[in-house]
Every structure is written in C-alpha cells, then in structure tokens.
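The values are calculated or read from the model by the stated rules, or taken from the named source; none is laboratory data. This is a predicted model, so every value here is computed, not measured. Backbone-built Cβ (ideal geometry, glycine too); neighbour counts: all protein chains shown. Just the protein is used for accessible areas: all its heavy atoms, side chains included, with ligands, DNA and RNA removed. Shrake-Rupley method; radii C 1.70, N 1.55, O 1.52, S 1.80 Å.
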Amino acid sequence: MDKFKVIIVEDVPLELKGTLGIIQNEIPEAEVIGTADSESAYWKVLKQQLPDLVLLDLGLGGSTTVGVEICRATKERYPKIRVLIFTGEILNEKLWVDVLDAGADGIILKTGELLTRNDVIAVMDGKQLVFNEPILEKIVERFKRSVSGQLLRQEALVNYEIDEYDERFLRHLALGYTKEQITNLRGMPFGVKSLEKRQNELVQRLFPDGNGGVGVNATRLVVRALSLRIIDLDNLEADES
C-alpha cells in the first residue's frame with residue numbers, strides 16, 4: 001500500500017491521542033498531516049494541504065450535526081478525498097444515515113474492535129461503505145428482520161387471497177382516504193358500492209372466526225391487515241390520483 005495523508009478531526013484530546021496511537025502503531029502507511037478539534041480548525045488545516053483521507057468524529061463541540069456538514073461539504077468540494085467516520089455516537093442510528101447520505105465512505109464505531117488497518121486500507125482501496133463489527137451486526141439484524149417481514153407478507157397475500165386492488169384499497173384506508181377518494185385513484189375500476197362489497201369480503205377473509213361476534217369497521221380491518229403484514233407500515237404511500 002502506498003503512503004497516504006490523513007487529517008484527524010476529533011475534539012476530545014484523550015481520544016485524539018488514542019487515534020494517533022492506533023495510526024502510528026497499526027497503519028504505518030498513513031501520514032497524519034494535521035488535526036482539528038472544530039469545523040473552523042478543520043478548514044484551516046485543509047487549506048494548508050489536501051489529505052487523501054479524513055478521519056472524522058461526528059460529535060464536535062457538543063453538536064452531532066457538525067460532522068455531517070463537514071462530510072457533506074468535503075465531498076462536494078473535494079470528491080476524491082475519502083471520509084471515514086470514527087465516532088462514539090453508537091446509538092444515534094439516524095446520524096449514521098445522515099452521514100452516509102452526506103457521502104461518507106464508511107463508519108467505524110468507537111466500540112468493539114475500534115479502528116483497524118484493514119478498515120482504513122479498504123477505504124483507501126476504494127471500497128464503498130466500510131463498517132466495523134458493531135455496526136455490521138446492526139445492519140445484518142435489520143436485514144434479517146426485513147427479509148422475514150417480506151416473507152410473512154408474501155405468505156399473507158397468498159393465504160388470504162389478496163390481490164392488487166385489495167392491497168391498494170387497504171393501504172389507502174390506512175392513509176385516511178374515504179371510499180369516494182379511493183374510487184378516484186388512477187387505475188381503480190370500482191365505485192363506492194363495489195368497494196363496500198370488497199371491504200365486506202376482506203372482513204370475512206381476515207376475520208374467519210367472525211371476530212368473536214364484534215363488528216369490524218374500516219379501522220379494525222386496517223389494523224388487522226397491518227398485523228398480518230398485508231400492508232407495510234414502513235411503505236404507506238399513496239398512489240397517484
């Protein structure tokens with residue numbers, strides 16, 4: 001691996017010392033050309049000499065958004081600079097999404113194995129989205145949950161004989177549409193009376209035991225469809241009218 005230049009952005013002296021130690025002991029190819037403890041200090045260092053890699057902490061001066069903005073601005077002005085996040089924000093998952101949207105090349109959480117030579121070299125070799133073990137475990141967990149949910153939904157669509165129009169009808173009921181509004185959706189070839197009939201049929205299919213003799217209104221029907229994964233709570237979007 002060729003030598004490459006690094007700027008470290010970290011506002012906690014003890015953590016900066018630890019990061020410098022990791023680089024000096026584990027990543028001999030890396031040359032630290034500057035450090036910064038704030039956004040303004042970072043831009044001053046950057047003007048002096050462009051790095052190949054920015055090792056960026058997200059929480060600076062008590063703010064969790066400064067690091068995201070530094071990442072975004074760096075990527076916009078200098079697309080070739082790699083930005084690897086090295087952060088103690090181990091619970092703020094929204095922040096991870098924000099910084100990935102800002103163009104970060106990877107996220108290393110300050111827990112578990114911490115920063116390794118393999119992670120840094122992977123980023124410098126052009127690998128996209130480099131993560132260490134703690135964040136990978138969360139990603140895999142969410143992936144497995146997502147796939148399981150999709151399988152449950154597919155099974156429900158088959159078991160309860162749900163067609164495209166049933167799904168659209170239930171989804172728009174969940175979004176608060178009236179039957180009159182649903183009939184005006186593009187490609188929905190039903191009038192209000194037909195939708196009322198379809199709703200009654202759905203009640204019979206989704207509540208085969210009759211719901212214990214308790215009447216089933218549209219709200220209860222939607223809740224049942226959500227619990228069965230027939231409609232996806234994370235993807236409740238209206239069709240074009």
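Out of L115, L95, report the one residue that is of a type outside the set (F, W, Y), buried (at least 18 other Cβ atoms within 10 Å of the Cβ) and assigned to a loop (DSSP other than H, G, I, E, B). Break it down into steps so the answer makes sense when it comes.
Working: L95 fails: assigned to a loop (DSSP other than H, G, I, E, B).
The unique qualifying residue is L115.
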(request) Please work out which residue is most open to solvent (accessible area, probe 1.4 Å), limiting yourself to region 1-48 and to residues that are of a type outside the set (A, V, I, L, M, F, W, C) and assigned to a loop (DSSP other than H, G, I, E, B). (result) K3
(request) Mind listing whichever residues of region 56-76 are modelled with pLDDT under 95 and over 20 Å from the mean Cα position of the chain (by Cα)? (result) L60, G61, G62, S63
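Quick check on this structure: which one of V158, V147 is over 23 Å from L206 (Cβ atoms) and either part of a helix (DSSP H, G or I) or within 16 Å of the chain's Cα centre (by Cα) (or both)?
Numbers: V158 fails: over 23 Å from L206 (Cβ atoms).
V147 is the lone residue from the list that is over 23 Å from L206 (Cβ atoms) and either part of a helix (DSSP H, G or I) or within 16 Å of the chain's Cα centre (by Cα) (or both).
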(request) State all residues of region 73-87 that are among the basic types (K, R) and either open to solvent by 50 Å² or more (accessible area, probe 1.4 Å) or assigned to a loop (DSSP other than H, G, I, E, B) (or both); if no residue qualifies, say none. (result) R77, K80, R82
(message) Suppose we filter I121, I70, I135 for residues that are closer than 25 Å to W43 by Cα, touching a strand residue (DSSP E or B) at 6+ places or on another chain (Cβ under 8 Å), buried (at least 16 other Cβ atoms within 10 Å of the Cβ) and of a type in the set (A, V, I, L, M); which single one remains?
(response) I70
(message) Can you pull out every residue in region 162-186 that is more than 15 Å from L221 (Cα to Cα), part of a loop (DSSP other than H, G, I, E, B) and either open to solvent by 50 Å² or more (accessible area, probe 1.4 Å) or at pLDDT 90 or above (or both)?
(response) D163, N184, R186
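When you check P51 against the structure, is it more than 19 Å from the chain's Cα centre (by Cα) and either closer than 21 Å to I8 by Cβ or assigned to a loop (DSSP other than H, G, I, E, B) (or both), yes or no?
Numbers: more than 19 Å from the chain's Cα centre (by Cα): yes; either closer than 21 Å to I8 by Cβ or assigned to a loop (DSSP other than H, G, I, E, B) (or both): yes.
So P51 fits the description; yes.
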